[in-house]
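Have a look at the structure below, then the notes.
Throughout, read-outs are computed from the coordinates displayed, never taken from laboratory work. This structure is a prediction, so every number in the text was calculated from the model and none was measured. Note that we place each Cβ from the backbone using ideal geometry, even for glycine, and neighbour counts take in every protein chain shown.
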Amino acid sequence: MTEEDQDQDQELEIPEGSVRNILEQDSLKWVFVGGKGGVGKTTCSSILSILLAEVRPSVLIISTDPAHNLSDAFQQRFTKTPTLVNGFSNLYAMEVDPTVEEEMGSTEGMDSLFSELANAIPGIDEAMSFAEMLKLVQTMDYSCIVFDTAPTGHTLRLLQFPSTLEKGLDKMMSLKNKFGGMINQMTRLFGIDDEFGEDALLGRLEGMKDVIERVNKQFKDPDLTTFVCVCIPEFLSLYETERLVQELTKFEIDTHNIIINQVLYDDEDVESKLLRARMRMQQKYLDQFYMLYDDFHITKLPLLPEEVTGIEALKAFSQHFVTPYQPSTSRDRVEDLERRVSTLRQQLQEAEAELERLRKGKQVA
Ligand SMILES: Nc1ncnc2c1ncn2[C@@H]1O[C@H](COP(=O)(O)OP(=O)(O)OP(=O)(O)O)[C@@H](O)[C@H]1O
Ligand SMILES: [Mg+2]
């Protein structure tokens, strides 16, 4: 039996996984993180990028969620150009808005002409700007790129973009055949140079299709790309995760990691009836997750009493991504309290000494 088999055996017995497999897979270039709204995608993708930055030369985290929140997680402003994350030398972050089309055409007339055409092809503007972004990112030479994606529906739409673009292109072609030189006349009417004319537009789409085909090939290569599903142990999230996994399978995108966030742990002193009931409910869905995804690496994360914002909090929470969380035992708590008592005692002594010093000083004065 090889070491790996043993590891796997152990994993079957104690179903505790981690994201180590992702950190160890040197070939990975694209890591998508997705799931239902509010389950912890931004938190998890931020932490994954921090962990990857420890083992890779350079890492970029991109948010494709129009309601950006990388800035909240890292407590630092980010823009649509990669910015170094404070305190790191090889971790960059950027926030792009896939619903805003900015790059197409540099004249007003062309913009409106394009948007007319784009309206005829739902999703094409979004696909185009996503493609523009990928084209840009590809030239930047990051060793690994993590995507903090928008809630499920949106993400799947972006992953569908190659076929959207293909359809768009076909439609453009048929428009061209139907209306002959009309588009060209229109561009002349708007006083647009040939370089922005219909042929240029088609050329641009063709060029984009090229990028997209290349990227699409990479997305379907499990050596280069994986999708991490984040969820919580509740019915809707389980349901959504299953839908997501099925869609990813349909698009041939590799996925074998699930992060179950906001898990309540039974650390003995939970007395609240409500919490106990929630725990039982969570356990039911946890069991189902382990049953449905027995070939996945499942990472469980505890629900914390506070939010996970700022680099320090993210780093502290990141330990549970590599070593399974253990609820604290009463012995841990006794030790913990002893430590706190001794720290407080020391602080009290220092404060008393300081007070004494100040009082004496006053008397002298
Ligand atoms: N395990 C946890 N314990 C406590 N708070 C958490 C935990 N995980 C995430 N949070 C907090 O919950 C909030 C939502 O998390 P996050 O922004 O990562 O979710 P999201 O899936 O990206 O949400 P959205 O769909 O809105 O983008 C944040 O304030 C985050 O700090
Ligand atoms: Mg988010």
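Here the calculated FRET efficiency for residue 349 and residue 210, from their Cβ-Cβ distance with R0 = 51 Å, stands at 0.10, rounded to the nearest 0.05. Estimated at 0.36 nm per residue, the fully extended path between residue 284 and residue 26 surpasses their Cα-Cα distance by 89.3 nm.
Residue order for 253, 61, 311, 212, fewest other beta carbons within 10 angstrom first, comes to 311, 253, 212, 61. Cβ-to-Cβ counts within 10 Å put 36, 135, 171 in ascending order as 171, 135, 36, the fewest first. Cross-link partners of residue 284 among lysines, defined as those whose alpha carbon lies under 29 angstrom from its own and excluding same-chain residues fewer than eight positions apart: 36, 41, 250, 273, 300.
Full extension of the chain segment joining residue 275 with residue 235 gains 12.7 nm, where the gain is 0.36 nm per residue of separation less the Cα-Cα distance. Computed from the Cβ-Cβ distance with R0 of 45 Å, the FRET efficiency linking residue 334 to residue 71 stands at 0.65. In this structure, residue 307 and residue 54 have a Cβ-Cβ separation that, at R0 = 25 Å, corresponds to a calculated FRET efficiency of about 0.60.
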